[in-house]
1. Sort through A139, A143, A127 and tell me the only one that's at pLDDT 90 or above and either within 23 Å of H41 (Cα to Cα) or among the hydroxyl-bearing types (S, T, Y) (or both).
2. Kindly provide the set of residues from region 29-50 that are over 18 Å from Q154 (Cβ atoms), hydroxyl-bearing (S, T, Y) and touching a strand residue (DSSP E or B) at 6+ places or on another chain (Cβ under 6 Å), ordered by number.
3. Does A129 satisfy the criteria of being under 12 Å from the mean Cα position of the chain (by Cα), in a strand (DSSP E or B), surrounded by fewer than 19 Cβ atoms within 10 Å (Cβ to Cβ) and aliphatic (A, V, I, L, M)?
4. Of (1) more than 16 Å from L118 (Cβ to Cβ); (2) modelled with pLDDT of 90 or more, A20 satisfies all except one. Which?
5. Just need a number here: residues in region 65-89 that are loosely packed, with under 15 Cβ neighbours inside 10 Å, small (G, A, S) and touching a residue at least 24 places away in the same chain (Cβ under 8 Å).
6. Under 8 Å between Cβ atoms, which residue pairs at least 6 apart in sequence (or on different chains) link something in region 143-160 that is assigned to a helix (DSSP H, G or I) with a partner that is among the charged types (D, E, K, R)?
7. Take the residues in region 140-160 that are among the small types (G, A, S) and touching a Leu at 6+ places or on another chain (Cβ under 8 Å), then tell me which one is nearest to V74 (Cα to Cα).
8. Does A139 fit the bill of being among the hydrophobic types (A, V, I, L, M, F, W, C) and either under 18 Å from the mean Cα position of the chain (by Cα) or in a strand (DSSP E or B) (or both)?
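The values are calculated or read from the model by the stated rules, or taken from the named source; none is laboratory data. Not measured: the values here are computed from a predicted model. No Cβ is skipped: glycine too gets one built from the backbone with ideal geometry, and neighbour counts run over all protein chains shown.
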Amino acid sequence: MRLAVLVPALCAAALAASAAHADNVCRWMSAATASSFLGVHAGLTSAAGSAEGDSACQFTGRRGAALSTLSIEVFLLKAPADYARYAARCGSDRTALRGIGNEAVACSAGRPGDRSSLVIGRVRDRAFAVRVHTSDASAVPAALDEGARRAAEQVAGALF
């Protein structure tokens, strides 16, 4: 008799824990995959989503004093022309990328001691932005660009 009361209570607790944990999951990649793109062990530090399907997540890792992050944002485009607003985040130094969604562009940004690479693209009615950032002044820009491109390929693939 006690087991009949205990099982539903355990199931309810497991479902509540599962629901709470679901808020701390990135739909687009795992921490292990993000770590490979960053070149440092990283963990999921934030994840959020909306009813419209917009979502964002960030992975962060540290090597010594240097902090590295991989950020992913996915937005619903209400009109096809809205994509230009997202692509404009790259400014004039953008480079067109092939094979990553539609209309993907990449750019590098950063100040001395603060480097980042950004890829912005579109798949159907969704725009996405993937940013790899590090405070490591010795980071090789090409490695940041490659990490951002590979992460963007994964996000675009998940959106297809």
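1. The conditions single out A143.
2. T45, S46
3. The answer is no for A129.
4. Going through (1) more than 16 Å from L118 (Cβ to Cβ); (2) modelled with pLDDT of 90 or more one by one, A20 breaks only (2).
5. Final tally of qualifying residues: 1.
6. L144/R115; A148/R131; A158/R27; L159/R124; L159/R126
7. Among those residues, the one meeting the criterion is A152.
8. Numbers: among the hydrophobic types (A, V, I, L, M, F, W, C): yes; either under 18 Å from the mean Cα position of the chain (by Cα) or in a strand (DSSP E or B) (or both): no.
In short, no.
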